[in-house]
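Below is one structure, written out as structure tokens; comments come after it.
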Amino acid sequence: MALFPCSAVPALRFWGLRGARVWTRWPRITGGGWPISCSAGGSSDTGGGGHSEKKFLLQDIAELIKTRACQRVVVMVGAGISTPSGIPDFRSPGVGYYSILQQYKLPYPEAIFELSFFFHDPKPFFTFAKKLYPGNYRPNATHYFLRLLHEKGLLLRLYTQNIDGLERASGIPASKLVEAHGSLASATCTICRRPYPGEDFWADVMVDRVPRCPVCSGVTKPDIVFFGEPLPERFLLHLADFPMADLLLILGTSLEVEPFASLSDAVRSSVPRLLINRDLVGSLARNPRGRDVVQLGDVVHGVKRLVELLGWTDDIQDLIQRETGKQSPFSHPVLPSPSWHRLNLVEQHLQTEKLPFY
């Protein structure tokens, strides 16, 4: 779940990196030079700028991965990869978290993630946080595809806007992760800044008690990025990772929140960019490049298609089968791992039962 899938302008009112001044306007993370052509919708691209180039297709991306022509894959993900696990996004009318938050009598939905409101009344946030208790949700097929990229030695880094921890739960090591908006796995006192054990934090939250520091009695807050807080220092890894990348995958994100959104421009102009997403977004819509590939629609369906082209169907089924036996006792009952050809049937069942797809 991405923490701030709202307009970039309000999201930037208070943002900044540690040690740097707070941004008050759209900061752009630049790189990669000039685009070499423009892309079309669907899963291909067309030439632009007065000339045409060969269409670059999803199977071309798969071939680059299969032949290991691309071995330093950087991935950007957002809330769209977690919705199949049963976690709402923020902006979907009626079902997104910003619609649900209306019941908390906030002045406006984003207030629940603003420090000034949190210090005024932390209870609405902790009531909301209770819904995100680690173990309530499980990784889905997209998370395990990313785990497979790591196991095959292809994942340079995974940059996530999500705070749900499902990337870690899928088995991707922390060294390969940049959790741009922080994590619910740990907490810190807002007064004395002492670390607060995650298990103690959740023990309080789950019984509707505001967690407080045992030393100074200050309110403790999970280590996620609120409006008005700096991004984690680890986010600065993008300065090395994106110039080094030879393939960029962008999955399930609106690319609206800066500075995360500008990372899509930080790879070299010759580097292929694959967007698997519900909508055409960000610079891939505004300023496409000649090796962009766009796979629009359901994210799991798009990942399924890429897995088939890679010849990894058996690999991912084996991985999911192994991992579904290791779930937390707090998780939903484990469903058997379906074959890809049973995708539609299983998804229909899971929508009825409100369980994640495996």
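The values are calculated or read from the model by the stated rules, or taken from the named source; none is laboratory data. This structure is a prediction, so every number in the text was calculated from the model and none was measured. With ideal geometry, Cβ positions are generated from the backbone for all residues, glycine too; neighbour counts draw on all protein chains shown. Ligands, DNA and RNA are excluded from the accessible area calculation, which covers all protein heavy atoms including side chains. Shrake-Rupley method; radii C 1.70, N 1.55, O 1.52, S 1.80 Å.
Around Glu179, what is the net charge, scoring Lys/Arg as +1 and Asp/Glu as -1 over all other residues with Cβ under 13 Å from its Cβ? Before the final figure, lay out each step's value.
Working: positive: Arg157, Arg168, Lys176, Arg234; negative: Asp164, Glu167, Asp223, Glu233.
Charge balance in the 13 Å sphere: 0.
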Of Lys123, Lys176, ordered by accessible area with the largest first and a 1.4 Å probe, the sequence is Lys123, Lys176
The simple spin-label model distance between Leu239 and Asp315, using points 7 Å out along Cα→Cβ, in nm, is 3.4 nm
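Can you tell me the length gained on complete extension of the stretch Arg268 to Asp200, counting 0.36 nm per residue apart and subtracting the Cα distance? It would help to have the intermediate numbers written out before the result.
Numbers: separation 68, 0.36 × 68 = 24.48 nm, distance 4.45 nm.
Gain in length upon complete extension: 20.0 nm.
If contacts are Cα pairs under 8 angstrom and at least 6 residues apart, what is the relative contact order of the stretch 114-250 in percent? It would help to have the intermediate numbers written out before the result.
Working: 167 pairs, mean separation 32.7, N = 137.
Worked out over the stretch 114-250, it gives 24 percent.
Let me check I've understood the local charge: for Ala240, count other residues with C-beta under 15 angstrom from its C-beta, Lys and Arg +1, Asp and Glu -1. What total comes out? Could the numbers behind the result be given before it?
On the way: positive: Arg72, Arg157, Lys176, Arg234, Arg268; negative: Glu233, Asp241, Asp246.
Neighbourhood net charge equals +2.
Using a probe of 1.4 angstrom, how much of the accessible area of the stretch 102-186 is carbon and sulfur, in percent?
On the way: 1520 of 2970 Å².
In the stretch 102-186, the share of accessible area belonging to carbon and sulfur is 51 percent.
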How many Å² of accessible area per residue for the stretch 208-328, probe 1.4 Å? 36 Å²
Give me the percent relative contact order of the stretch 262-305, please, defined on Cα pairs under 8 angstrom at least 6 residues apart. 43 percent
Ratio of the stretch 269-318's C-alpha Rg to 2.2 N^0.38 Å, to two decimals? 1.31
Using a 1.4 Å probe and ignoring any ligands, DNA or RNA, find the accessible area of His120 and quote it in Å² to the nearest 10. 150 Å²
How far apart, in nm, are the 7 Å Cα→Cβ label points at Leu57 and Arg322? 3.3 nm
